[in-house]
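Reading through the structure tokens given below for one structure.
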Amino acid sequence: MGRWDRFYEAKGQTGEQWLADEVVKTLVRDLAVWPPPVETWFDDGARARFEPVLAPSCPRPSSGVFRAAFQLARWELEREYDAIDEFVRNDRVSKITSDEREKLCLTFLHKWLTDSMLELLEASKLKRPMLKECLVRAEARLLAP
């Protein structure tokens with residue numbers, strides 16, 4: 001592989017497609033290890049609430065927790081609040097998680113993914129449909145067998 005081969009591969013891509021690819025790579029890299037990075041806390045209450053699942057000793061949540069968090073974040077981007085409400089109202093969390101720690105992991109991941117996408121929405125030219133697609137692709141890569 002030559003030094004500049006990656007640029008030849010990107011030749012037919014738009015700037016938006018390239019940026020989306022980089023978002024997917026970053027999400028996969030950040031979520032490949034547990035816990036994912038949190039650069040800034042704007043709420044000390046949230047920091048204290050999620051501290052147990054962000055401790056280095058906290059085990060990685062199950063694939064089901066990751067799938068549910070990605071789905072909830074996609075619904076947030078699509079503004080599918082009825083789907084989120086139905087998920088919560090029918091206590092689907094209990095069917096996915098094995099204990100209170102995993103419930104907290106699911107809540108954290110949902111918020112982390114959603115906040116990451118909304119931050120990108122403000123900081124880039126990527127629109128909600130493309131960010132949703134980034135979540136789909138990141139989930140597929142992260143949870144591939």
Review point. Only one residue in Val38, Val33, Val136 is of a type in the set (Val, Ile, Thr) and modelled with pLDDT of 95 or more, so which one is that?
Key: Val136
Study note, to complete from the structure: Among residues of the range 118-132 being under 13 Å from Leu19 (Cα atoms) and touching a helix residue (DSSP H, G or I) at 6+ places or on another chain (Cβ under 7 Å), the residue surrounded by the most Cβ atoms within 10 Å (Cβ to Cβ) is Leu131
Exercise for review: Answer yes or no as to whether Arg47 is farther than 19 Å from Arg137 by Cα and either in contact (Cβ under 8 Å) with a residue 12 or more places away in the chain or surrounded by 12 or more Cβ atoms within 10 Å (Cβ to Cβ) (or both).
Suggested key: yes
Review point. Going through the range 100-117 one residue at a time, which ones are closer than 21 Å to Arg29 by Cβ, of a type in the set (Asp, Glu) and surrounded by 15 or more Cβ atoms within 10 Å (Cβ to Cβ)?
Key: none
Check your understanding: Just one of Glu51, Glu76, Glu122 is under 20 Å from Val28 (Cβ atoms) and either modelled with pLDDT of 95 or more or part of a helix (DSSP H, G or I) (or both); which is it?
Key -> Glu76
Point to revise | Boolean, Arg6 is charged (D, E, K, R), at pLDDT below 90 and either assigned to a helix (DSSP H, G or I) or farther than 28 Å from Val88 by Cβ (or both) | key: yes
Study note, to complete from the structure: In the range 23-44, anything more than 16 Å from the chain's Cα centre (by Cα) and surrounded by fewer than 11 Cβ atoms within 10 Å (Cβ to Cβ) is listed as Thr40, Phe42, Asp43, Asp44
Check your understanding: Does Leu109 satisfy the criteria of being hydrophobic (A, V, I, L, M, F, W, C), outside any helix (DSSP H, G or I) and closer than 26 Å to Phe42 by Cα?
Key -> no
Review point. What about Arg137, is it touching a helix residue (DSSP H, G or I) at 6+ places or on another chain (Cβ under 6 Å), over 24 Å from Cys58 (Cα atoms) and surrounded by fewer than 18 Cβ atoms within 10 Å (Cβ to Cβ)?
Key: yes
Check your understanding: Has the range 86-99 got at least one residue that is of a type in the set (Asp, Glu) and either in contact (Cβ under 8 Å) with a residue 60 or more places away in the chain or surrounded by 14 or more Cβ atoms within 10 Å (Cβ to Cβ) (or both)?
Key -> no
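The values are calculated or read from the model by the stated rules, or taken from the named source; none is laboratory data. If you're wondering where the values come from, they're calculated on a predicted model, not measured in any experiment. Every residue, glycine as well, gets a Cβ built from its backbone with ideal geometry; the counts of neighbours run over all protein chains shown.
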